[in-house]
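So the structure is just underneath, and the comments pick up after that.
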Amino acid sequence: METRFFNPKIEKLSPSELRVLQFKKLKTVLRRVYQKVPFYREKLKEAGINLSKIKTLSDLKELPFTTKEDLFVDYPFGLLAEPLEKVVRLHTSSGTTGKPKAIFFSKKDIWAQAELIARALVMTGSTSQDILQNSMTYGLFTGALVMHYGAELLGMLVIPAGPGNTERQIELMRTFGTTCVHMTPSYALYVATVIQGKGLKPGVDIKLKRAYLGAEPYSEETRRKIEEMLKVDVYNCYGLSEMGGPGVAFECQFKKGLHLWEDAFIAEIIDPKTGMPVKPGEVGELVLTTLNRTAMPLIRYRTRDLTYAFEEPCPCGRTHIKIARIIGRADDMFIVRGVNIFPQQIEAVLMGIKGVAQNYQIILEGLDEMIVKVEIDRDFFDGRIERLLKLRDEITEKLKAVIQVRPKVELVEPGTLPVSEGKAKRVIDRRTL
Ligand code: ADP
Ligand code: ZN
């Protein structure tokens, strides 16, 4: 497999060179937030931290975390490390608290993040000859605009399609010969189903080569399903507004974990309960420190995303560590009859079963009842009840084996459940508990 690099010098730095670079940048960031952000100055003082005592990278552990809640202290401008005149863009993310998180970018931040995207696109085999249809939501959400700038930096032709209007999406793909798409996995499943339904042949009528899918957790099974339906390579892209949007970590052509750009972030994996680092390879919460962001640097930011890190070197030649696909968001976990469940566990089971179509929904109601509504292939509704019941039992048993709870499974026709064009809302909790 031929490997090309956008910034080979940085992408191939030896691990020890990377650590030296990280430490140098960390010291600068700490000095800046101490001088320029009263919130951090107070926080560091309160924790009794003397910056001159930070002598190695591992001293980072001594510093306090920044939480999602902290983003609302002195809201909205309180965490700025630059005067407003240096700030050129605002993005927000929905968050869970009601008030949107406000994330600011300087010019430097915009182009630094664009470079991370450009590196990632090259890493998956894209070049300036590719045509990217960007079907994420343009606007306050980072997903579309940040990818847009990165793809332009690489020199791709970008079609700023935005999400939705699936007929038009497919028309654009056909007219302009789109080779790459960027969208959420849930929308990709839907688009793939519509393409199939129209009898269009991937590879012939639609010339997609790669799909960049992110913004929400998904499983290997879903990846495989989309790859088969669209005859594309699916690459997982991870990011969050607080860290500049997409481009934080991205899969290379080997698709075994996502390289996290360590010249731009310091990654730690911690036990969310104790705040202590987990053992290498263990699952925990990803904590990130920004090394390049100038408008709004964040120290030890708790992402609430669960993953684990890889130690082994990657055959692609990049030295930056890899993280596993996000196992779940701490915010998404729900509890049924005392058992912790992530929607992604259910998705992985469903997408691995033949006959299951692209959409599903989890409904929690009554005292502690769990209903899983699953769209299945249309030909199952041909009147052969036995076959339908067999499929329902298979789904129920396989779910029970994985989540330890026996859900009530309802099979519905394709197109019944709400389609999401952006991030999917999989769980509806109407419990009276
Ligand atoms: P929010 O969804 O909290 O409003 P963002 O729009 O910034 O905020 O989305 C960032 C979050 O989306 C991440 O923290 C993570 O939970 C999720 N996410 C983004 N990319 C991926 C991915 N490739 N896999 C799993 N989850 C992802
Ligand atoms: Zn790699």
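The values are calculated or read from the model by the stated rules, or taken from the named source; none is laboratory data. As the structure is a prediction and not an experimental result, all values here were calculated from the model. Positions of Cβ are backbone-derived with ideal geometry, glycine not excepted, and every protein chain shown enters the neighbour counts. All accessible areas refer to the heavy atoms of the entire protein, side chains included, with ligands and DNA or RNA removed. Shrake-Rupley method; radii C 1.70, N 1.55, O 1.52, S 1.80 Å.
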Exercise for review: Looking for whichever is in contact with a Pro (Cβ under 8 Å, 6 or more places away or on another chain) and within 16 Å of ligand 2 (Cβ to nearest atom) here; the options are CYS316, CYS237. Which one fits?
Suggested key: CYS237
Review point. Is it the case that some residue within region 183-197 is surrounded by fewer than 16 Cβ atoms within 10 Å (Cβ to Cβ) and not in a strand (DSSP E or B)?
Key: yes
Check your understanding: So, in region 296-314, of the ones that are open to solvent by less than 20 Å² (accessible area, probe 1.4 Å) and more than 16 Å from ligand 1 (Cβ to nearest atom), which residue ends up farthest from LYS107 (Cα to Cα)?
Key -> CYS314
Check your understanding: Being within 14 Å of ligand 1 (Cβ to nearest atom) and open to solvent by 30 Å² or more (accessible area, probe 1.4 Å), is that true of even one residue in region 112-126?
Key -> no
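For region 227-291, which fully contained strands (runs of 3 or more DSSP E) count at least 3 residues that are surrounded by fewer than 19 Cβ atoms within 10 Å (Cβ to Cβ) and in the same structural domain as CYS180 (by TED's automatic domain parsing)? Before the answer, list the steps.
Numbers: elements: 233-240, 245-251, 258-260, 265-270, 284-290.
Correct list: empty, since no element meets the threshold.
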Review point. Quick one: which of ALA309, ALA357 is out of contact with any Gly (no Cβ under 6 Å at 6 or more places or on another chain), without any contact (Cβ under 8 Å) to a residue 60 or more places away in the chain and farther than 23 Å from ALA114 by Cα?
Key: ALA309
Study note, to complete from the structure: Scanning region 320-336 residue by residue, those open to solvent by 10 Å² or more (accessible area, probe 1.4 Å) and either over 20 Å from the mean Cα position of the chain (by Cα) or within 23 Å of LEU63 (Cα to Cα) (or both) turn out to be ILE321, ALA330, ILE335
Practice item. Please tell me if GLY317 is under 30 Å from PRO8 (Cβ atoms) and either in a loop (DSSP other than H, G, I, E, B) or open to solvent by less than 30 Å² (accessible area, probe 1.4 Å) (or both). Key: yes
Review point. Would it be correct to say that MET296 is free of Cβ contacts under 8 Å to residues at least 40 places away in the same chain and either away from ligand 2 (no atom under 16 Å from the Cβ) or in contact with a helix residue (DSSP H, G or I) (Cβ under 6 Å, 6 or more places away or on another chain) (or both)?
Key: no
Review point. Residue check, THR178 against (1) surrounded by fewer than 20 Cβ atoms within 10 Å (Cβ to Cβ); (2) polar (S, T, N, Q); (3) not in a helix (DSSP H, G or I), all met but one. Which one?
Key: (1)
Check your understanding: Going by the conditions given, is ARG210 out of contact with any strand residue (DSSP E or B) (no Cβ under 8 Å at 6 or more places or on another chain), more than 10 Å from ligand 1 (Cβ to nearest atom) and in contact (Cβ under 8 Å) with a residue 24 or more places away in the chain?
Key -> no
Exercise for review: Only residues in region 28-44 that are in the same structural domain as PHE104 (by TED's automatic domain parsing) count as the first member; pair them with residues that are part of a helix (DSSP H, G or I) and charged (D, E, K, R), Cβ under 7 angstrom, at least 6 apart or cross-chain, and list the lot.
Suggested key: TYR34/ARG41
Review point. When region 1-27 is examined, which residues are found to be surrounded by 12 or more Cβ atoms within 10 Å (Cβ to Cβ) and farther than 21 Å from CYS314 by Cα?
Key: PHE23, LYS25, LEU26, LYS27
Practice item. State yes or no: is MET123 assigned by TED's automatic domain parsing to the domain that holds ARG4, closer than 23 Å to LEU172 by Cβ and touching a Ser or Thr at 6+ places or on another chain (Cβ under 9 Å)? Key: no
Check your understanding: Restricting attention to region 152-180, which residues are of a type in the set (Val, Ile, Thr) and farther than 24 Å from TRP111 by Cβ?
Key -> THR166, ILE170, THR175, THR178, THR179
Check your understanding: Across region 137-152, which residue is nearest to ALA188 (Cα to Cα) among those that are in a helix (DSSP H, G or I) and hydroxyl-bearing (Ser, Thr, Tyr)?
Key -> THR142
Review point. GLY415 fails exactly one of the following numbered conditions: (1) within 30 Å of ASN165 (Cα to Cα); (2) out of contact with any Leu (no Cβ under 9 Å at 6 or more places or on another chain); (3) outside any loop (DSSP other than H, G, I, E, B). What is the number of that condition?
Key: (3)
Point to revise | Count of region 337-378 residues which are among the hydroxyl-bearing types (Ser, Thr, Tyr) and surrounded by fewer than 21 Cβ atoms within 10 Å (Cβ to Cβ) | key: 0
Practice item. Mind listing whichever residues of region 53-95 are outside any loop (DSSP other than H, G, I, E, B) and open to solvent by 70 Å² or more (accessible area, probe 1.4 Å)? Key: LYS53, LYS61, GLU62, GLU69, LEU84, GLU85, LYS86, VAL88, LEU90
Review point. When you go through (1) crowded, with 22+ Cβ neighbours inside 10 Å; (2) farther than 27 Å from ILE321 by Cβ; (3) hydroxyl-bearing (Ser, Thr, Tyr) one by one for TYR138, which number turns out not to apply?
Key: (1)
